[in-house]
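Q: Okay, handing you the structure first.
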Amino acid sequence: MSIGSKGAMPVVKTLKSHYAKARQVMPGGVNSSVRFNHAIGTPFYVSRAKGSRVWDIEDRQFIDMSCAHGAALLGHAHPATERALRKAAKLGYAHSFETEYHEQLARELCELIPCADRIRFCSSGTEATLHLIRACRAFTGRDKIIRVEGHFHGYHELIYIGGQPPAAAFAGNRSHPFVESPGIPAAFADFIIPVPFNDVPAMARAIAEHGHEAAVVILEPINFNSGGIMPQPGYLEAVRQLTQDAGIVLFFDEIQSAFKKSPGGAQAEWGVTPDVCTIGKAIGGRAAAVGVLRAGGDHGSVSTRGTRAAQRHVQRASHPGLVRARLSTGGRQTGFLRAAAETGKGFPHRHGPNHPGA
Ligand SMILES: Cc1ncc(COP(=O)(O)O)c(C=O)c1O
């Protein structure tokens, strides 16, 4: 939303010429598909940011309604964040070692998140779900993934299938899960079992049929990625019981819901404890997600590596006030989100290449 005095939003020459140059050296001229802004016909180029405001390269001021897709709930350049960043920089910009702050932050999160016994820090939500699905498979010795339609769990081959098909593919999604990006081999779809959200009988049927080969049931306890659809009363409890009875790992992807809904995530709010969860984005302040492994043990033999894993988390750990501050920022639901939430189930909106979390 433009609030500057320099007028509304004509696509000015500078934006266009910058975009033309960017396209010469970056595919699509951007580093995430969502950053191409269809409304203005170029990406939005930021020159500075402070508090709730961002300025474009024409020096026009805007309210940042995007908040880094939920990662920047404290706004930009908060003095406490800046202080923590300066402190963290002294630990080294990038290295391949642990610091004492990793353990401190992990301990604090274990206290907050009901299912968390141990934490593995990652650098993005996509990375966190990838590692954790692999751990679920290693833990159960099974390969299949029961996933919920309309829910989103990252862009990797394991799960970017059958979640948000285009309308034309809705009908066939349950028999032939829709592969959501060119480049993902069709064979990955053999591992995916899509079920509708808020539909206990459908989940029970999927588990009855595939329980013996399913490693995990993964879902967003609040379906932020289809507009903030709430679980219907009793749904999460029923899925908890079904997975427990079948020995399937219950995985809550709380990359969106953690810290927005309540300090302990949606799982604390609803009193349903999954076996494992991923949390983000607010925890990283900018770019982060956290894999939380429960289900007993270290999963020490599962390979989950990352050169920069958790480097940004230490910024927060060096300032204990930040997590607490984030906890009180509340959820982000626009009118559209609330309207979509009222539909209760299904996938009312396809994000496509401009997925909000891209
Ligand atoms: C629920 C959920 N899981 C996973 C992801 C992937 O996170 P990232 O964009 O950090 O890779 C997102 C991103 O929006 C998300 O909303």
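Q: Can you confirm whether region 169-176 contains a residue that is in a loop (DSSP other than H, G, I, E, B), open to solvent by less than 10 Å² (accessible area, probe 1.4 Å) and more than 16 Å from the ligand (Cβ to nearest atom)?
A: Scanning region 169-176 turns up at least one residue that is in a loop (DSSP other than H, G, I, E, B), open to solvent by less than 10 Å² (accessible area, probe 1.4 Å) and more than 16 Å from the ligand (Cβ to nearest atom).
Q: Considering only region 77-86, I want to know if a residue exists there that is at negative phi and in a loop (DSSP other than H, G, I, E, B).
A: Looking through region 77-86, at least one residue is at negative phi and in a loop (DSSP other than H, G, I, E, B).
Q: Considering only region 187-202, how many residues are without any contact (Cβ under 8 Å) to a residue 60 or more places away in the chain and not small (Gly, Ala, Ser)?
A: So the answer is 9.
Q: Do any residues in region 121-140 that are within 13 Å of Tyr160 (Cβ to Cβ) and at pLDDT below 90 have Cβ atoms under 6 Å from those of residues that are open to solvent by 40 Å² or more (accessible area, probe 1.4 Å) and more than 9 Å from the ligand (Cβ to nearest atom), where the two are at least six apart or on different chains, and which pairs are they?
A: none
Q: Something else about it: Identify all residues within region 140-178 that are under 20 Å from Glu127 (Cβ atoms) and hydroxyl-bearing (Ser, Thr, Tyr); write none if there are none.
A: Within region 140-178, Tyr155, Tyr160 qualify.
Q: Of Gly247, Gly227, which residue is surrounded by fewer than 23 Cβ atoms within 10 Å (Cβ to Cβ) and within 14 Å of the ligand (Cβ to nearest atom)?
A: Matching residue, one of Gly247, Gly227: Gly227.
Q: Can you spot a residue in region 196-208 that is of a type in the set (Phe, Trp, Tyr), under 27 Å from Ser33 (Cα atoms) and within 20 Å of the chain's Cα centre (by Cα)?
A: For region 196-208, residues of a type in the set (Phe, Trp, Tyr), under 27 Å from Ser33 (Cα atoms) and within 20 Å of the chain's Cα centre (by Cα): present.
Q: I would also like to ask the following. Limited to region 115-151, what total is found for residues that are in a loop (DSSP other than H, G, I, E, B) and either surrounded by fewer than 17 Cβ atoms within 10 Å (Cβ to Cβ) or aromatic (Phe, Trp, Tyr) (or both)?
A: Count: 3.
The values are calculated or read from the model by the stated rules, or taken from the named source; none is laboratory data. Since the model is a prediction, treat every value here as computed from it, not as a measurement. Positions of Cβ are generated from backbone atoms using ideal geometry, with glycine treated the same way; all protein chains shown enter the neighbour counts. SASA here: full protein model, heavy atoms, side chains in, ligands and nucleic acids out. Shrake-Rupley method; radii C 1.70, N 1.55, O 1.52, S 1.80 Å.
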